[in-house]
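Everything below concerns the one structure shown next.
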Amino acid sequence: MMDDGLGCRMGRVEQMIRYAYWNTGCKGIVIGLSGGIDSAVAAAFCCRAVGPANVLGLLLPSSVTNPEDIRDAKELCDILKMPHEVISIDPMLEGFRSIPGFTTTPYLLGNLMARIRMVTLYYHANRDNRIVCGTSNRSEYMLGYCTKYGDNAADLQPLLHLFKTDVYVVAQELGIPEPILKKVPSAGLWEGQSDEKEIGLAYADIDGSLAALEQQQWQARTPTEEKVLTLVRKSEHKRMAAPNLLTGSPE
């Protein structure tokens, strides 16, 4: 779905990362690595923009994380020559189990895991004077397939303009390892979890519908477009600032 020069668009992403890096006066970038394609591409962009020595990758597995994801994330770090650490989030999850009335459902646990991971990223960012790089793509952002103040929280979002299908094109250009390119997209929240199965649509259909809806002033013309539009509208709150009465400048 690339609609202009790939090299130009990739260069603009790197410029954006460098601007955020220099403008904040930070000493580095920290990024969560899942072993999936989005975090791999975002990490590669950061390493190209500011140098791998200035990018810290955090692998934050839980007891349900596929060992192959950890292996692939480590291999990526080796290829990019970026430092990394592996920190299990299980002890932090266990701490929440002491909360009175604690209940475990896939929805509650998934959101909790996403927020624990983001808290861990920001702890390292605060400790080391770094900024947090997000890994959200445009498809999942528009559908709300993300956790508020979890994986959609970040100081910069280098992939937010890219549909999921675009991310694969860029990944090939960046030389992302084959195991990551061929992996079934998954948030890794439980065994056998698949993003497309959970959403109920293939990414190719999602991206095609989003592109068509934008051209049609967000008027659906097919059942798939209607389903995508419903998800976009339902998740609007995730893309907007919290409602408030603070407007204008103090007088």
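What follows draws every value from the coordinates through simple rules; no lab data is involved. Just so it is clear, the structure is predicted and the values come from calculations on it, not from any experiment. Note that each Cβ is placed from the backbone with ideal geometry, even for glycine, and that neighbours are counted across all protein chains shown.
Sorted fewest first by neighbouring Cβ atoms within 10 angstrom, V170, V86 come out as V86, V170.
Counting each pair of different Cα atoms once, what's the Kirkwood radius of region 88-155 in Å, rounded to one decimal? Before the final figure, lay out the partial values.
Numbers: mean 1/r = 0.0761 Å⁻¹.
When all Cα pairs of region 88-155 are included, the Kirkwood radius is 13.1 Å.
Quick one: net charge of P177's neighbours, Cβ under 13 Å, K/R +1, D/E -1? Show your work: numbers first, answer last.
Working: positive: R71, K74, K182, K183; negative: E68, D69, D72, E75, D78, E178.
Combined, the nearby Lys, Arg, Asp and Glu give -2.
In a reduced charge model with +1 at each Lys and Arg Cβ and -1 at each Asp and Glu Cβ, region 6-199 shows a dipole moment near 560 debye about its Cα centre. Sorting M113, M118 from the fewest to the most surrounding beta carbons within 10 angstrom yields M118, M113. The phi-based Karplus calculation (6.51 cos²θ - 1.76 cosθ + 1.60; θ = phi - 60°) puts the 3J(HN,Hα) values of region 125-141 at 5, 5, 5, 10, 6, 10, 10, 9, 8, x, 10, 6, 9, 5, 4, 6, 5 Hz, whole numbers, x for Gly and Pro. Of the GluC sites (Glu not before Pro) found in region 140-234, those that fall in a DSSP loop while having at most 11 other beta-carbon atoms within 10 Å are E191. The amide H of A187, built 1.01 Å from its N in the peptide plane, has D195 as neighbours under 5 Å, considering only residues 5 or more places off or on other chains. Residues whose amide H falls under 5 Å from that of T147, counting only those 5 or more places apart or on a different chain, are N152, with hydrogens built in the peptide plane. More than 17 Å apart: what percent of Cα pairs in region 120-240 qualify? In whole percent, the long-distance tail amounts to 63. Could you work out the longest stretch of the chain that avoids the trypsin sites (Lys or Arg not before Pro) located in DSSP loops with at most 10 other Cβ atoms within 10 Å? Longest gap between qualifying sites, sites excluded: 1-96.
Annotation: extensible slack from M240 through R71 equals 57.2 nm (criterion: 0.36 nm per residue apart, minus Cα-Cα distance).
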